[in-house]
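Asks: Got a structure for you, written out below as structure tokens; questions coming shortly.
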Amino acid sequence: MNLKLRLTVLQFLEFFIWGSWLISFGNYLFHLGMGDKIGTLFATTGIASFIMPTLVGIIADRWLNSEKLLGILHLLGAGCFFLASQAVTFNQIYLYMFLNALVFMPTIGLSYSVCYSIMARHKMNLVKDFPPIRVWGTVGFIVAMWVVNLAGWGENSKQLLLAGASALVLGVYSFTLPPSPPAKAQKGSSLMSVLGLDALILLKEKKMAVFFLFAVLLGVCLQIANSYGSAFLGSFASAYPDAFAVKYNNIFLSISQIAEALFILVIPFFMRKFGIKTVMLMSLGAWVLRFGLFGIGNPEGAGMIWLTLSMIMYGMAFDFFNIAGSLFIEKETPAKFRSSAQGLLMMVTSGLGAIVGNYGAEAVVNYHTVDKNQVDWPACWFIFAGYALVVGILFAACFKRNTENTDLTDLH
């Protein structure tokens, strides 16, 4: 099999696993009568993102081939999915999904590392050849969402069986990939360097401390819609049982992922035209619209337009801060700290921010819940929109950058 095709299959399956359950799992919990615990369960991905990538990275860098480690983690994840699909109490589901998060979340970065290592060994151009491979990961995520929806598995545990079967396939497949041996460990490396935390020294600079603080605050927004979007659309089932956004809520929600892929293409233009701060402010404005449009939307007529626009806004909200923030770090940090700083950005957004966001969203939703299935969703979405608006105003007031040293409007 062609090497590019093999790596494409790797990325497709990696994100197919995630898409099999991430968007629809909240709706499944609601149907189990566990809607009040959605944030608690989804916070496990944040906890795992905060602690596991560094530990797995140390193992891959020092002791074990990356492709083998990837295979082992996915085989363990498959077992967790199968156990979770049979669980009947929240404590059981939480345990197995937490264990799954611990082994799955680090595989995202590890799958990139495997691709980079294999491509470098085969003299491939990373900048030219990897993006077309990676885009199939997004395709895999979307396809999984559609499969779950069309098969009618969005409200039952079969979505976990699909994820488990996919993880089993990828676990076995990973062992067939070309070897990605550990890099030679550098002698004299400090503990901070080994743990990938060198970039913490950058927080002594006010500009960087402010940036990472707002990265945490924005990270709060990232998983709210993923955690509660499907359950929100499912709440319209009694009033609009035949509406497309209700019957095919996963397919409808996949517009967000499609928009995410498309907005990546326009980021260079926006960065050159408006610069880093404005682009990140656009992201915060998009989060306000993402949540606010959910608050006024419904599955028919004009309400459907608002819901659709909310899906599109997700693409801008997600991409503009994540990618613009990554480019900001690339420009602002010394070369020796860049990799560590990028890892720190992922840790505070997908880790710490997701933990705070999921528990905070759970508190808001539970406060506005009359019983386990009656939620005042508009109130919840308007609170989330208000939060994003306040963060945006504070970001505009507090975030300053040295334009002499960092001209991010000149990106090519």
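The values are calculated or read from the model by the stated rules, or taken from the named source; none is laboratory data. The structure presented is a predicted model; accordingly, all values stated were derived computationally and were not measured. No Cβ is skipped: glycine too gets one built from the backbone with ideal geometry, and neighbour counts run over all protein chains shown.
Asks: Quick one: which residue in LEU253, LEU289 is in contact (Cβ under 8 Å) with a residue 24 or more places away in the chain and touching a Gly at 6+ places or on another chain (Cβ under 8 Å)?
Replies: Sole residue among the options that is in contact (Cβ under 8 Å) with a residue 24 or more places away in the chain and touching a Gly at 6+ places or on another chain (Cβ under 8 Å): LEU253.
Asks: Also: Would you confirm whether any residue within segment 69-80 is in contact with an Asp or Glu (Cβ under 9 Å, 6 or more places away or on another chain), crowded, with 18+ Cβ neighbours inside 10 Å and either outside any helix (DSSP H, G or I) or of a type in the set (S, T, N, Q) (or both)?
Replies: For segment 69-80, residues in contact with an Asp or Glu (Cβ under 9 Å, 6 or more places away or on another chain), crowded, with 18+ Cβ neighbours inside 10 Å and either outside any helix (DSSP H, G or I) or of a type in the set (S, T, N, Q) (or both): absent.
Asks: Moving on to the next point. Suppose we filter GLY219, GLY315, GLY229, GLY295 for residues that are in contact with an Asp or Glu (Cβ under 8 Å, 6 or more places away or on another chain) and crowded, with 17+ Cβ neighbours inside 10 Å; which single one remains?
Replies: The unique qualifying residue is GLY315.
Asks: So, in segment 294-318, exactly how many residues are in contact (Cβ under 8 Å) with a residue 12 or more places away in the chain and either in contact with a strand residue (DSSP E or B) (Cβ under 9 Å, 6 or more places away or on another chain) or closer than 19 Å to TYR248 by Cβ (or both)?
Replies: Let us first name the residues in segment 294-318 that are in contact (Cβ under 8 Å) with a residue 12 or more places away in the chain, namely 294-300, 304, 306-318.
When the remaining residues are screened for being either in contact with a strand residue (DSSP E or B) (Cβ under 9 Å, 6 or more places away or on another chain) or closer than 19 Å to TYR248 by Cβ (or both), the result is 294, 297-300, 304, 306-312, 314.
Result for segment 294-318: 14.
Asks: Identify the single condition in (1) modelled with pLDDT of 95 or more; (2) within 25 Å of MET347 (Cβ to Cβ) that LEU75 does not satisfy, given that it satisfies every other one.
Replies: The single condition LEU75 does not satisfy is (2).
Asks: Can you name the condition, by its number, that PHE263 falls short on among (1) of a type in the set (A, V, I, L, M, F, W, C); (2) out of contact with any Gly (no Cβ under 9 Å at 6 or more places or on another chain); (3) over 28 Å from ALA363 (Cα atoms)?
Replies: Answer for PHE263: the failing condition is (2).
Asks: May I pose another question? Spot the failing condition for GLY301; the list is (1) on the phi > 0 side of the Ramachandran plot; (2) touching a Lys or Arg at 6+ places or on another chain (Cβ under 7 Å), and only one is missed.
Replies: Status for GLY301: all satisfied but (2).
Asks: Out of ALA84, ALA101, which single residue is among the aliphatic types (A, V, I, L, M), assigned to a helix (DSSP H, G or I) and touching a Phe, Trp or Tyr at 6+ places or on another chain (Cβ under 7 Å)? Step through it out loud before you land on a result.
Replies: On the way: ALA101 fails: touching a Phe, Trp or Tyr at 6+ places or on another chain (Cβ under 7 Å).
None of the others qualify; the one that does is ALA84.
A quick yes/no check of all residues on (1) farther than 19 Å from GLY219 by Cα; (2) at pLDDT 70 or above; (3) surrounded by fewer than 19 Cβ atoms within 10 Å (Cβ to Cβ):
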{"residue": "ALA335", "(1), (2), (3)": "yes, no, yes"}
{"residue": "GLN342", "(1), (2), (3)": "no, no, yes"}
{"residue": "ASN358", "(1), (2), (3)": "no, yes, no"}
{"residue": "ALA363", "(1), (2), (3)": "no, yes, yes"}
{"residue": "PRO378", "(1), (2), (3)": "yes, yes, yes"}
{"residue": "PHE395", "(1), (2), (3)": "no, yes, no"}
{"residue": "CYS398", "(1), (2), (3)": "no, yes, yes"}
{"residue": "ASN402", "(1), (2), (3)": "yes, no, yes"}
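Asks: Still on this structure, I have one more. Checking PHE50 against (1) at pLDDT 90 or above; (2) of a type outside the set (Ser, Thr, Tyr); (3) surrounded by 17 or more Cβ atoms within 10 Å (Cβ to Cβ): exactly one of these is not met. Which one?
Replies: The single condition PHE50 does not satisfy is (1).
Asks: While we're on this one: Quick check on this structure: which one of SER113, SER157 is more than 19 Å from THR8 (Cα to Cα) and over 16 Å from the mean Cα position of the chain (by Cα)?
Replies: SER157
Yes/no matrix, rows are residues, columns are (1) touching a helix residue (DSSP H, G or I) at 6+ places or on another chain (Cβ under 9 Å); (2) within 24 Å of VAL135 (Cβ to Cβ); (3) among the aliphatic types (A, V, I, L, M):
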residue	(1), (2), (3)
ALA261	yes, yes, yes
ILE276	yes, no, yes
VAL279	yes, yes, yes
ASN298	yes, no, no
GLU330	yes, yes, no
